[in-house]
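To start, the structure itself, in structure tokens.
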Amino acid sequence: MPEKRPFERLPADVSPINYSLCLKPDLLDFTFEGKLEAAAQVRQATNQIVMNCADIDIITASYVPEGDEEIHATGFNYQNEDEKVTLSFPSTLQPGTGTLKIDFVGELNDKMKGFYRSKYTTPSGEVRYAAVTQFEATDARRAFPCWDEPAIKATFDISLVVPKDRVALSNMNVIDRKPYPDDENVVEVKFARTPVMSTYLVAFVVGEYDFVETRSKDGVCVRVYTPVGKAEQGKFALEVAAKTLPFYKDYFNVPYPLPKIDLIAIADFAAGAMENWGLVTYRETALLIDSKNSCSSSRQWVALVVGHELAHQWFGNLVTMEWWTHLWLNEGFASWIEYLCVDHCFPEYDIWTQFVSADYTRAQELDALDNSHPIEVSVGHPSEVDEIFDAISYSKGASVIRMLHDYIGDTDFKKGMNMYLTKFQQKNAATEDLWECLEGASGKPIAAVMNTWTKQMGFPLIYVEAEQVENDRLLKLSQRKFCASGPYVGEDCPQWMVPITISTSEDPNNAKLKILMDKPEMNVVLKNVKPDQWVKLNLGTVGFYRTQYSSAMLESLLPGIRDLSLPPVDRLGLQNDLFSLARAGIISTVEVLKVMEAFVNEPNYTVWSDLSCNLGILSTLLSHTDFYEEIQEFVKDVFSPIGERLGWDPKPGEGHLDALLRGLVLGKLGKAGHKATLEEARRRFKDHVEGKQILSADLRSPVYLTVLKHGDGTTLDIMIKLHKQADMQEEKNRIERVLGATLSPELIQKVLTFALSEEVRPQDTVSVIGGVAGGSKHGRKAAWKFIKDNWEELYNRYQGGFLISRLIKLSVEGFAVDKMAGEVKAFFESHPAPSAERTIQQCCENILLNAAWLKRDAESIHQYLLQRKASPPTV
């Protein structure tokens, strides 16, 4: 890693007790005026106050010691690099309390951070702007001068001076609305005092919105704010929120601490959502659901995001991490419990199986790289904080908490959580504090086990072989770090304390044995296992490790895939482990292709989804060869039996997962050019465009993708026209994500130009360019060239937030030629993107790994596919 920038936390000699803050945004010339009166405590005598401040001009500042004369600051020294300001005073501020008064002005920027402007169109078609906030991690300082560190908590009294026809919201409920002296079109809206809280969770919104409301059964007022005229689309999220608050109250055994909670859809929004206390902000697509035009996966996404953000109201907001090093606790925990909550609200989603393919396998893919990082990372400078909002903090964090919850058991886990939240409420805590509470509740060595998962990067590969000894099965286990580049070589292999579960075919859904593997090698005896029974490690794919079986053990597990006697999440885990072992060169890819063919009878959506992902990775890899068509044939062979069983139209009694599976399978077949699927997609698309028969929301993505990939300029024009006409952001995004499927070079250029046009919201440009890069071999080259040619504009647009990392990852990770890694590295050496440094290193490592994989296995894969064609397998 590059050397760290020098960084110091704020001095502790002066700290805030309460911020009284009044802001007056100007929605026409994009500026705001602010007045801060902060009750502060001087702990030791000083003649200066150091605070965070960025892109703000201070007009006057003074300090009034309690019962004494006002002292005016004589100098404001801005340290822009460090986003700090030092206020100097002509005389010493003595220990005690007083009031710090600051008048300042700032800009409503268009960078989706701090106090920023968000563009929307009124129902009559007029373009207007709302003023909204996004402060996490370090951008409250762009809205008002403050002590912008999570551990410096205070209470807030906020008032907003706004046009009287606009909605004004903040963390707390409105307590007063009064006319503003100088202007009859303006009102001052005053909000109740907040509890003690961190600056990054403060929020305000000024704009035009409709809302739907309800009361949860604990009496909390819940509202969902939507764009004007779309209140109906807030009902689904409202229902989820109203069910979720009582669920968390019972789970944590701590009541929701505020009188109200608002969930609001913001047009221009960089993240998915932000858990501001009492005023949670969302992208429109993470909150709005339309009964006709929203697909099943959107509903599920909204339910998960609502569950995630509401969990933070306790875990993060009531108890906050002491410093960004512990961000993972916040995010990992919320990313785990969102699934628990959705499983409670929607048991029919089978959401825990989906967790494995959405979070667990994604985290393992990243964490096998040499350029991964431990869950706990010491961070200082704001640009380093941005960098840790990645799959390690969220997905690996969630996965190790899932493993921990399984190891402790739900009852003791809840008990420990309650101890933690009660002990630290309105305060700050570190990772060790949670371990201590869970250890107290469970009596297990939580800290010792968990430190091996959070303080070192990576995870183990458990190698297992078995021997039948009379009526028992003797297992030999050994652990080594799993590396994406192949077997671990090096001295001092890191070790983990691994909770291991073992099941057998006698009772595939329950553990026959649970052990804690706390050394490099272990022998285990399973009593009373018949010679013809299989033995499997990692029941439910809960432990954060991969398993490599001896060939005899693997042979005996494979029939369990075909006859479905292995549970779905175990079938998924087995296939995913084999695929990653092949990627790492530990086994041959052909072995995995043979296993994939055993999934012909598979009924489970998530298992197919993971299989589909892995075949997609392989397809991308083989697009660098001259037998790309052969792998498409393989995809068609694997997917057509299930495609035929499902057909195009929902059957009576089908549910959420059937809809997801149908979309997945038809999209896969259509993309691979399956003749019958392509013809039907074209027919239905034509009817849709002509308004004869509108496509159901669940079929739109697969149909759009199929007709575009096998279409021409006219198809692309129709899609862009549909995009223009779409009233819902979800439909616009759906189209944006598939535009890259188009194949001809000039149409690809057209799509790339479209990505930067006014038609696409800034946060969505990334998925258009990413779609081009992932769409075809030519698209990959074109997207990379486009990023290089438009770098200034793109970088300026995202100013180092995590969208820039996502853009880079999506556009270069498909390359598989050594020299491309050098080219990517060189480009970013001359065009630095500090918050994406680690992502860039990971991408270069992945390109080299792809190239090695291709060199190693391309020939044998080709031979296998040819030989398969010559003698098709009997199913």
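The values are calculated or read from the model by the stated rules, or taken from the named source; none is laboratory data. None of these values were measured; they are calculated from a predicted model. Cβ atoms come from the backbone with ideal geometry, glycine included; neighbour counts cover every protein chain shown. Ligands, DNA and RNA are stripped out before the accessible areas are found, and what is left, the full protein with its side chains, is counted by its heavy atoms. Shrake-Rupley method; radii C 1.70, N 1.55, O 1.52, S 1.80 Å.
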Problem - Every residue from the stretch 29-57 that is touching a residue at least 60 places away in the same chain (Cβ under 8 Å), in a loop (DSSP other than H, G, I, E, B) and open to solvent by 40 Å² or more (accessible area, probe 1.4 Å) - result: Phe30, Asp55
Practice task
Among the residues of the stretch 150-182, count how many are buried (at least 19 other Cβ atoms within 10 Å of the Cβ) and either aromatic (Phe, Trp, Tyr) or outside any strand (DSSP E or B) (or both).
Solution key: 6
Handout entry: One residue from Thr625, Thr606, Thr620 being closer than 20 Å to Arg583 by Cβ, part of a helix (DSSP H, G or I) and not hydrophobic (A, V, I, L, M, F, W, C)
Key = Thr620
Practice task
Within the stretch 660-683, track down each residue that is surrounded by fewer than 21 Cβ atoms within 10 Å (Cβ to Cβ) and in contact (Cβ under 8 Å) with a residue 24 or more places away in the chain.
Solution key: Gly673, Leu678, Glu680, Arg682
Fill in the blank from the handout: All conditions in (1) under 39 Å from the mean Cα position of the chain (by Cα); (2) touching a residue at least 60 places away in the same chain (Cβ under 8 Å); (3) in a strand (DSSP E or B) are true of Thr99 except (1)
Handout entry: Unmet requirement for Tyr864, which otherwise passes all of (1) among the aromatic types (Phe, Trp, Tyr); (2) farther than 27 Å from Phe754 by Cα; (3) touching a Ser or Thr at 6+ places or on another chain (Cβ under 8 Å)
Key = (3)
Fill in the blank from the handout: Out of (1) open to solvent by 30 Å² or more (accessible area, probe 1.4 Å); (2) of a type outside the set (A, V, I, L, M); (3) in a strand (DSSP E or B); (4) more than 30 Å from Tyr120 (Cβ to Cβ), the one Asp82 does not meet is (3)
Handout entry: the stretch 120-129: number of residues that are touching a residue at least 12 places away in the same chain (Cβ under 8 Å) and open to solvent by 70 Å² or more (accessible area, probe 1.4 Å)
Key = 1
Exercise for the section: From (1) more than 26 Å from Cys437 (Cα to Cα); (2) without any contact (Cβ under 8 Å) to a residue 60 or more places away in the chain; (3) buried (at least 23 other Cβ atoms within 10 Å of the Cβ), pick out the condition that doesn't hold for Leu404. Expected result: (1)
Handout entry: Subset of the stretch 312-355 that is polar (S, T, N, Q) and under 21 Å from Thr454 (Cα atoms) - its residue that is surrounded by the fewest Cβ atoms within 10 Å (Cβ to Cβ)
Key = Thr325
Problem - Matching residues, the stretch 573-604, being closer than 20 Å to Pro508 by Cα and either within 26 Å of the chain's Cα centre (by Cα) or of a type in the set (Gly, Ala, Ser) (or both) - result: Gly573, Leu574, Gln575, Asn576, Asp577, Leu578, Ala598, Asn604
Practice task
Being closer than 17 Å to Met112 by Cα and in a loop (DSSP other than H, G, I, E, B) is the filter here, so list the residues in the stretch 757-782 that pass it.
Solution key: Glu758, Val760, Arg761
Exercise for the section: Would you please name the residue that is surrounded by the fewest Cβ atoms within 10 Å (Cβ to Cβ), looking only at residues in the stretch 232-291 that are under 23 Å from the mean Cα position of the chain (by Cα) and of a type in the set (Phe, Trp, Tyr)? Expected result: Phe247
Practice task
Just name the residue that is surrounded by the fewest Cβ atoms within 10 Å (Cβ to Cβ) out of those in the stretch 195-211 that are out of contact with any Asp or Glu (no Cβ under 8 Å at 6 or more places or on another chain) and β-branched (Val, Ile, Thr).
Solution key: Val196
Practice task
Just give me the residues in the stretch 684-709 being part of a helix (DSSP H, G or I), within 30 Å of Val342 (Cα to Cα), open to solvent by less than 40 Å² (accessible area, probe 1.4 Å) and of a type outside the set (Val, Ile, Thr), in sequence order.
Solution key: Ala697, Leu699, Arg700, Pro702, Tyr704, Leu705
Handout entry: Enumeration of residues in the stretch 247-278 that are of a type outside the set (A, V, I, L, M) and outside any loop (DSSP other than H, G, I, E, B)
Key = Phe247, Tyr248, Lys249, Asp250, Tyr251, Phe252, Lys260, Asp262
Problem - strands (runs of 3 or more DSSP E) completely within the stretch 492-586 that count 3 or more residues being among the hydrophobic types (A, V, I, L, M, F, W, C) and surrounded by 14 or more Cβ atoms within 10 Å (Cβ to Cβ) - result: 498-504, 513-517, 521-526
Practice task
Could you tell me whether any residue of the stretch 220-236 is closer than 18 Å to Lys24 by Cβ and not hydrophobic (A, V, I, L, M, F, W, C)?
Solution key: no
Exercise for the section: Have a look at Ala368, Ala358 and point out the one that is more than 24 Å from Val319 (Cβ to Cβ) and modelled with pLDDT under 95. Expected result: Ala358
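Looking at this structure, is Glu837 open to solvent by 30 Å² or more (accessible area, probe 1.4 Å) and free of Cβ contacts under 8 Å to residues at least 40 places away in the same chain?
Taking the combined requirement at face value, the residue does not satisfy it.
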Exercise for the section: Would you mention how many residues in the stretch 183-194 are surrounded by fewer than 20 Cβ atoms within 10 Å (Cβ to Cβ) and either closer than 22 Å to Trp324 by Cβ or among the small types (Gly, Ala, Ser) (or both)? Expected result: 1
Exercise for the section: Sort out which residues of the stretch 70-108 are within 27 Å of Leu794 (Cα to Cα) and either modelled with pLDDT of 95 or more or acidic (Asp, Glu) (or both), and write them in order of number. Expected result: Glu81, Asp82, Glu83, Lys84, Gly106, Glu107, Leu108
Handout entry: Residue, nearest to His326 (Cα to Cα), within the stretch 423-438, restricted to residues that are part of a helix (DSSP H, G or I) and open to solvent by less than 70 Å² (accessible area, probe 1.4 Å)
Key = Thr431
Exercise for the section: Could you please find all residues in the stretch 730-756 being polar (S, T, N, Q), in a helix (DSSP H, G or I), surrounded by fewer than 20 Cβ atoms within 10 Å (Cβ to Cβ) and in contact (Cβ under 8 Å) with a residue 12 or more places away in the chain? Expected result: Gln749
Handout entry: Boolean, Val817 is farther than 20 Å from Asp386 by Cα and surrounded by fewer than 20 Cβ atoms within 10 Å (Cβ to Cβ)
Key = yes
Handout entry: Flag for Tyr63 being open to solvent by 40 Å² or more (accessible area, probe 1.4 Å), among the hydroxyl-bearing types (Ser, Thr, Tyr) and assigned to a strand (DSSP E or B)
Key = no
Exercise for the section: Evaluate the stretch 455-464: report whether one residue or more is open to solvent by 10 Å² or more (accessible area, probe 1.4 Å) and over 29 Å from Pro150 (Cα atoms). Expected result: yes
